[in-house]
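Input: a single structure, listed below in structure tokens.
None of the figures in this text is laboratory data; all of them are computed from the coordinates on show. Bear in mind the structure is a predicted one, so any value in this text is a computation, not a measurement. Cβ atoms come from the backbone with ideal geometry, glycine included; neighbour counts cover every protein chain shown.
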Amino acid sequence: MAQNTAIKVNETSRSAVGRDGVLDIAARLFREQGYGSVSLRKIAEAAGIKAGSIYYHFGSKDEIVAAVLDAGIRVVHASMRDAITDLPADTDGETILRSAIRAHLRALLDVSDYTSANVRIFGQVPQSVRDANLPTRRAYEAEWDSLLSQLKKDGTLKQDVDIRRLRLMLIGTLNATLDWFDPDRGSADALSRTYADVFLNGILQRQDT
């Protein structure tokens, strides 16, 4: 009877946290501490379960990392895509681009540990894990390329703009805000407006000639 009770307690403990719960905790730890400092034992301790219980859901630390990376991209991808899809059909190109920038920053800074964990640890993880994440990452980059190409086609962007370089600069700049953004000193929405103003209008004061 005691053995059966122990088995039931262990099963209850695993199900109380669950696979998604383990991922949520891992994403937060990776965001806060980086890849190298977070072990399976540390994830288990934060989840309130034994380290061996994690193997009920995942085969290794890198399997958890891969899932966190994929989820991080999907969160920001869905946020950006939904923000654009929800706009009226006659929305002008500038508003569309501003909405995409805002959605990316909000997903990165306000919404999810997964998105910020992805940005912070991608360069730290083994090459095999990065390679596994590339299809998800490429899909999001393709979404931006498609959007920017359409804005170039309809005349919102200059015709000599290199779409790939613009996308790399844009996403790279937005992602870099994780290194310095302080939510106590401003909002992601306000930051997105500032960034959009710089990208769309530049920083030089033009003199009439």
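Using only the alpha-carbon atoms, what does region 36-108 span along each of its principal axes? Please give whole angstrom values in decreasing order.
Principal-axis extents of region 36-108 (Cα, largest first): 55, 21, 19 Å.
Starting at the first residue of region 151-158, write each ³J(HN,Hα) from the Karplus equation 6.51 cos²θ - 1.76 cosθ + 1.60 with θ = phi - 60°, in whole Hz, x for Gly and Pro.
5, 5, 5, 8, x, 5, 9, 5
May I ask you to evaluate 6.51 cos²θ - 1.76 cosθ + 1.60, the Karplus curve with θ = phi - 60°, for each residue of region 73-78 and list the ³J(HN,Hα) values in order in whole Hz, giving x for glycine and proline?
The phi angles translate into 5, 5, 5, 6, 4, 5 Hz.
Go ahead and estimate [θ] at 222 nm for the chain from helices alone: -39,500 (n - 2.57) per DSSP H run with n ≥ 4, summed, over the residue count, rounded to 500.
That comes out to -23000 deg cm²/dmol.
³J(HN,Hα) across region 117-128 via Karplus (A = 6.51, B = -1.76, C = 1.60, θ = phi - 60°), whole Hz, x for Gly/Pro?
Result, ordered by residue: 4, 4, 5, 6, 10, 4, x, 9, 7, x, 4, 4 Hz.
Long-range amide H contacts for Leu87: which residues qualify at under 5 Å (H placed 1.01 Å from N, peptide plane, sequence gap of 5 or more or a different chain)?
So Leu87 has HN proximity to no qualifying residue.
Taking the highest mean first, how do the peptides 184-196, 76-88 order by number of other beta carbon atoms within 10 angstrom per residue?
76-88, 184-196
Which of Lys42, Lys61, Lys158 ends up with the largest GNM mean-square fluctuation for the chain, with Cα atoms connected below 10 Å?
Maximum among the listed residues: Lys158.
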